[in-house]
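See below for the structure under consideration.
Nothing in this text is a laboratory measurement; each read-out follows from the coordinates by a stated rule. As the structure is a computational prediction, the values presented were derived from the model and not from experiment. Note: ideal-geometry Cβ built from the backbone for every residue, glycine included; neighbour counts use all protein chains shown.
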Amino acid sequence: MIIHKLIIHHLAHRDDPAFYTLQAVHAIQWIERGGVPLNSAMSVLDLGAGHGVFGTELRKRGCQVVFADESNCLLPELVDAPFRQINLDRDDVVRLGTSDLVICSNVLEHLAKPSAFIGSMGELLKPGGAFYLSWTNWLSPWGGHDFSPFHYFGPNWGYRIYDRLIKRRRLHTPFVNLFPTHIGRIMRMIESQPGLRVVRAAPRYYPEFGFILSIPVLREFLTWNCALLIRNNPSR
């Protein structure tokens, strides 16, 4: 469990690089426990990389990491790292090639067309490859991101109530750069893709309570951030 460490760190330092490194290291350990070997033979795509913190930790494991995002915001120490520019709502992911492991962390809820993206996931994986997908589902405590918990008033009214009462600058607006997603629907969409199978599912920041993901409705509220490990299994 890491949620208590994240809360303590955020209260003291906000979301600095160390905050995201804590998340990445914890997630990598969870991926390894799912049977994914992380070594120099592993080709990795850090998709929606942001500053590249997740991919940086995988590079420390010896993985061959390619970073991809709409714009290059990688940390200075990654200036020579391979980078591919892509808009996941507009561009064809085929241009990124295939990898043994794809990391897509905290991106899905910012896509206007999540169903199209999920439909293309298999095209990014080599046979037997793995896809780590993590995102903040809409009904979680942080579903509205910086205007949480006002998102519980709904995507059309929550941010307006926040603006009227809090009057603090926010970064996210529903249906502009934040889109409601639901765990049950996303998992069904993934399972409907030929060859893809969810092999692990857990609340990202407290995976010890993975049983929550097996309880419809309740999981939508109690899963702060949903983490899925998906395998490409052509023989399924």
Report the paramagnetic label zone for residue 177: residues of region 57-82 whose backbone N is under 16 Å from a point 7 Å from Cα along the Cα-to-Cβ axis. 69-74
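Counting other Cβ atoms within 10 Å of each Cβ, which trypsin sites (Lys or Arg not before Pro) in region 18-101 have at most 16 and sit in a DSSP loop? Walk me through the numbers on the way to the answer.
Numbers: sites: 33, 59, 60, 61, 84, 90, 95; in loops: 61, 90.
Passing sites in region 18-101 are 61, 90.
Give me the dipole magnitude in Debye, nearest 20, for the chain about the Cα centre, with unit charges on the beta carbon: positive for Lys and Arg, negative for Asp and Glu. Let's see the in-between values first.
Values: 25 positive and 20 negative charges, 103 e Å.
Magnitude of the dipole: close to 500 debye.
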I'm checking a number: the convex hull volume of the Cα atoms of region 110-208, normalised per residue, in Å³. What is it? 112 Å³
Suppose the chain between residue 218 and residue 113 were pulled fully straight at 0.36 nm per residue; how much longer would it get relative to their current alpha carbon spacing? 35.3 nm
Hey, if you drop one equal point scatterer on each alpha-carbon of region 138-180 and run the Debye formula without solvent, what base-10 log of I(q)/I(0) do you get at q = 0.17, 0.21, 0.22, 0.33 Å⁻¹? -0.34, -0.53, -0.59, -1.34
With unit charges on the beta carbon (Lys/Arg positive, Asp/Glu negative), name the residue among 177, 43, 68 whose Cα is farthest towards the positive pole of the charge dipole of the chain. 177
For Rg and Dmax of the Cα atoms in Å the list reads (i) 18.5, 54; (ii) 21.0, 65; (iii) 17.3, 54; the calculated value is entry (iii)
What distance in nm lies between label points placed 7 Å from Cα along the C-beta direction at residue 77 and residue 169? 2.9 nm
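Select from region 135-225 those trypsin sites (Lys or Arg not before Pro) which occupy a DSSP coil region and have at most 16 other Cβ atoms within 10 Å, ordered by residue number. All intermediate terms of the calculation are to be shown ahead of the outcome.
Values: sites: 160, 164, 167, 168, 169, 170, 185, 188, 197, 200, 204, 219; in loops: 167, 168, 169, 170, 204.
Taking region 135-225 and a limit of 16 other Cβ atoms within 10 Å, the loop trypsin sites (Lys or Arg not before Pro) found are 167, 168, 169, 170.
Whats the longest run of the chain with zero chymotrypsin sites (Phe, Trp or Tyr not before Pro) that are DSSP loop and have at most 16 other Cβ atoms within 10 Å? Mind showing how you got there, number by number?
Working: sites that count: 142, 157, 175.
By the stated rule (loop sites, at most 16 other Cβ atoms within 10 Å), 1-141.
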Relative to the longest principal axis of the chain, what angle (0 to 90°, nearest 10) does the C-alpha long axis of helix 17-33 take? 50 degrees
Dipole size in debye (nearest 20) for region 138-180 around its Cα centre, Lys and Arg Cβ +1, Asp and Glu Cβ -1? 220 debye
Counting Lys and Arg as +1 and Asp and Glu as -1, each charge on the Cβ, what is the dipole of region 105-193 about the Cα centre in debye, to the nearest 20? 360 debye
Radius of gyration, Dmax [region 62-149; alpha carbons; angstrom]: 14.4, 41
